[in-house]
1. Taking the range 497-547 on its own, how many of its residues are of a type in the set (Asp, Glu), at pLDDT 90 or above and within 45 Å of the chain's Cα centre (by Cα)?
2. Say whether the condition of being of a type in the set (Gly, Ala, Ser) and under 20 Å from LEU479 (Cβ atoms) is met by at least one residue in the range 519-529.
3. Among the candidates ASP550, ASP557, single out the residue that is of a type outside the set (Ser, Thr, Tyr) and touching a residue at least 40 places away in the same chain (Cβ under 8 Å).
4. More than 37 Å from the chain's Cα centre (by Cα) and over 16 Å from GLU540 (Cα atoms), is that true of THR486?
5. So, MET235, is that one over 19 Å from VAL132 (Cα atoms), crowded, with 19+ Cβ neighbours inside 10 Å and not charged (D, E, K, R) or not?
6. Out of curiosity, is ASP485 surrounded by fewer than 20 Cβ atoms within 10 Å (Cβ to Cβ) and in contact (Cβ under 8 Å) with a residue 24 or more places away in the chain?
7. Among the listed residues LYS707, LYS768, which satisfies the condition of being modelled with pLDDT under 80 and within 30 Å of VAL609 (Cβ to Cβ)?
8. With GLN522, GLN596 as the choices, which residue is in the same structural domain as SER694 (by TED's automatic domain parsing) and either surrounded by fewer than 20 Cβ atoms within 10 Å (Cβ to Cβ) or touching a strand residue (DSSP E or B) at 6+ places or on another chain (Cβ under 6 Å) (or both)?
Amino acid sequence: MKHIYTIGGMTCSHCRSSVEKALNTIDGVHATVTLNPPLATIRMDKHIPTEVLQDALMKAGDYTIQIAPDTTHNMDQDHAGMNSIHQTHDHNEHKGMSMMTEHESGHSHDHAGGHMGHMGNLKNKFWISLIVAIPIILLSPMMGMKLPFNFSFEGSQWVVLALASFLYFYGGWPFLQGAKMELKAKNPAMMTLISMGITVSYIYSVYAFVANYILQTPGHRMDFFWELATLIVIMLLGHWIEMKAVGNAGNALQKMAELLPGSAHLVQPDGNIKDVPLQQIIKGQHVMVKAGEKIPADGKVISGETSVNESMVTGEAKAIKKSEGATVIGGSVNGSGSIVIEVTGTGESGYLSQVMKLVRQAQQEKSKAESVSDKVAKALFYIALTVGIIAFVVWYTISKDINIALERMVTVFIIACPHALGLAIPLVVARSTSLGAPHGLLIRNRNALEKAKPISVVTMDKTGTLTEGNFRVSAVKSLSEKWSDTDILKVMAAMEMHSNHPLAVGILDKAKEDKVEIPQAQNITLISGTGLSGTVNGQEAEIVTAAYLDKKGMSYDKKLFNSLAEKGNSVSYLILKNEVAGLIAQGDQIKPEAKQTVEELQKSRIIPVMLTGDNEASAKAVAIQLDIHDVHASLLPENKEKVISEYQHTGKGVMMVGDGVNDAPALARADIGVAIGAGTDVAIDSADVVLVKSNPYDIIHFLSLAKNTSKKMVQNLWWGAGYNIIAIPLAAGVLAPVGIIFSPAFGAVLMSVSTVIVAINALMLRMK
């Protein structure tokens, strides 16, 4: 059995790892956990109550687990007649509801667990801590330095003690809770190191306060309240920035569910129409779909005729003519005709549900690696702890003075505290995001910036990505001396005035563009599966396909037809007076930036690949113009995802660029998913990066930005942690024999300087 659960309280890769480990400790459970979306996929030998899973999570931290609202309990079994999206919930109730809604509405307390807790609480903690920190900073000596101005007053030291104590327990609480979780999991990392730094600073400062002002022992002991305040505020700010990057992730699965309407027109046995909630529709029932409505479920047309726009679910621009016996996909948009369908698929058997399942499976392989900063912080923790203890023992042994020994240990802990390390990545990410926006890049997943370096293959959808995604007239040609090209356009536009077919729109747009006066047409009738017939200016006229001409044995220039078709055009012929008078060819136009994009990829030794659901002839025609040699046509969503998996299995890093629902599984599967901004919400929410301007050349901009961002990340990580290679031994006093020794104040200065350097380096990030 396989169950899908929503996890509450996760905010980072360490959280994900802790949750996964906790669930896998349960006998008979194999769990895979993802951070974005916050889901746990659990395979179990026998049914295990949610309460048992919750108990296991509570031992790991303040996490919650609930059955995901848009999934069934057993995804591997055939639940006949069960709608995994709508069977137990009204669709309208889910609109605008995130996967965390149930958790948040039922748990309004402070989830400080999961390292940071909820974003709103972290934001509030930062602002309140900042307000409290200001008087501490003003009333305390800055790193032991005497300033020319003094804001202190009689008894101000007690005010500082009170405010610092509040700040330690309030602002430092997320870090202390995070450290508790890390230590419980026997995996100390950044939270433990931060907690150790602020705890030692606070305890030592309280000791100094008692010694100076209560016991009044000889000699003045410097406190670290100033350092404590700045440390907590800066670390809260850094983690808030990082949390915002995590919180920007969307819910592609819900967007897919919203493609379906909330109700359907059920045809009852007596012929009457009754509107019922979609979840009540079952396989075999008859449903009416009116003009302009979304088709509520997969089905077969049993009466009526229309054209259906399937672009929202297939990604292709062509509207497809549907008549009796044709199949339709739930979520696609009906044209101007009214049809009755027999429902053939709902729930897990429906097309959208299958696509959703693929997206979910692909997403589960994301966000499994721990962040580099956490790994470095873990190592830094053990190094600082070891060196600090050694320094304390050595100095106490040498000096027999506990104050001197404690000062060395405090200095080591403070200098090792990862101010800079905590900000190294978030600041670079924030800078790269702000740089990307003016260039049409919306970076939704920060990991995409780090994954760009090994990319060697860029797979791209055709329609809407490399091409404009709508039909335009590419040729108007008279085939008889009796009529001009303009005459052909006039007559065909007059007849198409009575049609809502996408090809008709292209012809009418052309007539409007050329400012052609369109005559009146009469007696327009539909030629089933072929075109139109009618009367224009008193003469009989027909708009037909090449197949119709072949069937009637009418001669036409087949060489011309083949040359137009091979370029991906749809060709319509006009018959006047039983003669093939002319033709109009329409094709999807290649975006002007597409050619340059392919060239730049090839220069960078990145292989461009076309993945499309369109026919092979049309795909190859576009590929030839763009110089793309690797083409995969007539692909279903699962086929696109499979192609990407095959590339990955050969060790290649793969980027996928697409715009339709059919691209969503591939976008999720790829190492980096890039969505065209003009595409569907589903594609956008499945992607790591969105090209807001729908300009394919922004792929090149992203790769350039990612390259420079990775460099800055490495530089900041090296400085944020690497300076400790020199600083920690100096703080411990290894050069004391030659007169070089760091005071705690100097240690705090060096720690602060490292933070400033990291911030400046992040701000120096450029696009190129």
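The values are calculated or read from the model by the stated rules, or taken from the named source; none is laboratory data. Keep in mind it's a predicted model, so treat the numbers as computed, not measured. Cβ coordinates were reconstructed from backbone atoms using ideal geometry, including for glycine residues, and neighbour counts include every protein chain displayed.
1. The initial filter retains those residues of the range 497-547 that are of a type in the set (Asp, Glu), namely 509, 513-514, 517, 540, 542.
Now drop any that are not at pLDDT 90 or above, which leaves 513-514, 517, 540, 542.
Keeping just the survivors that are within 45 Å of the chain's Cα centre (by Cα) gives 513-514.
Of the residues in that region, 2 qualify.
2. No, there is no match, as no residue in the range 519-529 is of a type in the set (Gly, Ala, Ser) and under 20 Å from LEU479 (Cβ atoms).
3. Details: ASP550 fails: touching a residue at least 40 places away in the same chain (Cβ under 8 Å).
Every option except ASP557 fails the conditions.
4. Here the answer is yes, as THR486 does meet what is asked.
5. The answer is no for MET235.
6. Yes; evaluated as a whole, the condition is true for this residue.
7. Details: LYS707 fails: modelled with pLDDT under 80.
LYS768 is the lone residue from the list that is modelled with pLDDT under 80 and within 30 Å of VAL609 (Cβ to Cβ).
8. After ruling out the rest, the residue left standing is GLN596.
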